[in-house]
Amino acid sequence: MSNSTEMEIKNNKVGWESPSNIAIIKYWGKYGNQLPQNASVSFTLKNAATRTFVEWRNGNTTGKPECTFSFEGKENPAFKARLDKFLNSICHDFFPFLQHVTLHIDSSNSFPHSSGIASSASAMSALALCLCDIENQINGVGDFNESFYKKSSIVSRLGSGSACRSVYPYMAVWGKHQSYPDASDEYAIPAESSMHPVFKSFHDDILIVSADQKSVSSSAGHGLMENNPFAKARYLQAENRMRVLSEALNSGDIGGFGKIAEEEALTLHALMMCSDPSYILMEENSLAIIKKVKQFRQDSGIPVYFTLDAGPNVHVLYPDEFEKKVSAFIYEELKPFCYQGKILRDEVGKGPQKIC
Ligand code: PMV
């Protein structure tokens with residue numbers, strides 16, 4: 001292969017690694033085209049990430065996006081179908097170039113797939129960043145500026161709502177709210193500047209309670225909020241909690257932060273339990289872990305808190321200063337409640353990285 005051919009191939013490939021995020025105020029309920037009923041705030045994680053490479057070639061004459069897809073080296077028809085639908089939905093308004101190229105998308109996760117960890121936030125944000133990067137290259141733009149991340153966030157959101165928060169370091173806010181005047185329902189904004197340094201050192205150890213597929217998907221769960229009799233009160237509650245939490249995050253009030261983090265986790269699951277039809281995603285071991293975390297906090301005075309996603313796994317949040325004591329507690333007392341003893345140790349991270 002000549003050097004010039006090598007150059008061409010190199011230029012036709014981009015790659016991004018993008019992390020997952022953990023919401024402190026939860027997005028639960030949507031309207032319109034994947035827009036949130038309430039504002040949410042999340043910590044960007046470091047270790048749970050998706051690495052996506054996208055290669056593109058000219059010569060697609062079908063007039064619609066064409067792609068091949070492999071996940072961890074293997075074809076994945078279920079995700080490929082979702083991907084085709086997604087690419088078709090964003091082609092006209094966001095990336096007209098998709099009509100003229102064929103993509104090969106190759107993705108892998110840093111976390112084991114049998115861990116029950118939702119990967120849509122990291123997967124969709126990694127893909128959105130790649131597409132925005134390709135667009136930049138086609139247009140001869142080399143900058144990863146504010147508008148690059150804004151567009152990546154919008155496109156991520158269309159793939160999976162919570163994914164829009166993954167494109168920023170440390171902390172992101174999505175959804176209009178008076179405490180964050182620049183925030184929007186269409187995209188997330190970086191919120192590092194409103195975050196006290198103590199939260200940047202936060203750990204999030206993810207205790208895997210079950211690796212099974214969820215019985216009710218997040219998108220079905222969002223849908224059930226439409227007829228949930230408590231929906232209106234919930235959106236108001238989220239708005240108030242955002243205000244209180246923004247003050248705690250700014251001032252470094254760990255106790256105030258932890259109180260809201262736990263209340264939000266339990267509210268999310270309470271909303272599931274009072275949907276019609278009702279459902280429960282927590283397991284006995286999720287509850288056992290939650291009770292132990294509260295007891296440990298009370299006995300030791302160490303500020304350690306839990307939160308939950310839309311599933312049974314428990315996220316244990318605490319500042320770095322207490323890492324030794326908390327990890328001893330987790331391994332001695334919580335690990336027995338985990339599926340195959342699985343714990344994914346994570347922490348607040350610096351956001352996506354360009355890897356190719
Ligand atoms: O982004 P989705 O549609 O998978 O919904 C995610 C919802 C929660 O994870 C439960 C909360 C959140 O804000 O991330």
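The values are calculated or read from the model by the stated rules, or taken from the named source; none is laboratory data. In this text, all values refer to a predicted model and were calculated from it rather than measured experimentally. Positions of Cβ are generated from backbone atoms using ideal geometry, with glycine treated the same way; all protein chains shown enter the neighbour counts. The accessibility values were calculated without ligands, DNA or RNA, using every heavy atom of the protein model including side chains. Shrake-Rupley method; radii C 1.70, N 1.55, O 1.52, S 1.80 Å.
At-a-glance table
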| read-out | value |
| --- | --- |
| Any pair with Cβ under 7 angstrom, 6 or more apart, that starts in the range 277-291 at a residue that is of a type in the set (Ser, Thr, Tyr) and ends at one that is assigned to a loop (DSSP other than H, G, I, E, B) and open to solvent by 60 Å² or more (accessible area, probe 1.4 Å) | Tyr279/Ser215 |
| Residue selected from the range 129-151 under the condition free of Cβ contacts under 8 Å to residues at least 40 places away in the same chain and in a helix (DSSP H, G or I), by the criterion most open to solvent (accessible area, probe 1.4 Å) | Glu146 |
| Extreme residue, most open to solvent (accessible area, probe 1.4 Å), among residues of the range 187-226 that are away from the ligand (no atom under 12 Å from the Cβ) and part of a strand (DSSP E or B) | Pro190 |
| Residue in the range 335-355 that is touching a residue at least 24 places away in the same chain (Cβ under 8 Å), away from the ligand (no atom under 16 Å from the Cβ), open to solvent by 20 Å² or more (accessible area, probe 1.4 Å) and at positive phi present | yes |
| Residues that are of a type in the set (S, T, N, Q) and surrounded by fewer than 21 Cβ atoms within 10 Å (Cβ to Cβ), drawn from the range 238-271 | Asn240, Asn250, Ser251, Thr267 |
| Given (1) within 15 Å of the ligand (Cβ to nearest atom); (2) at pLDDT 95 or above; (3) open to solvent by 10 Å² or more (accessible area, probe 1.4 Å), index of the condition Trp174 fails | (3) |
| Any hit, the range 135-157, residues being closer than 27 Å to Tyr235 by Cα and hydrophobic (A, V, I, L, M, F, W, C) | yes |
| In the range 158-171, residue nearest to the ligand (Cβ to nearest atom) [restricted to those that are of a type outside the set (Gly, Ala, Ser) and touching a residue at least 40 places away in the same chain (Cβ under 8 Å)] | Arg165 |
| Qualifying positions in the range 129-140 - more than 14 Å from Gly351 (Cα to Cα) and out of contact with any Asp or Glu (no Cβ under 8 Å at 6 or more places or on another chain) | Cys130, Leu131, Cys132, Asp133, Ile134, Glu135, Gln137, Ile138, Asn139, Gly140 |
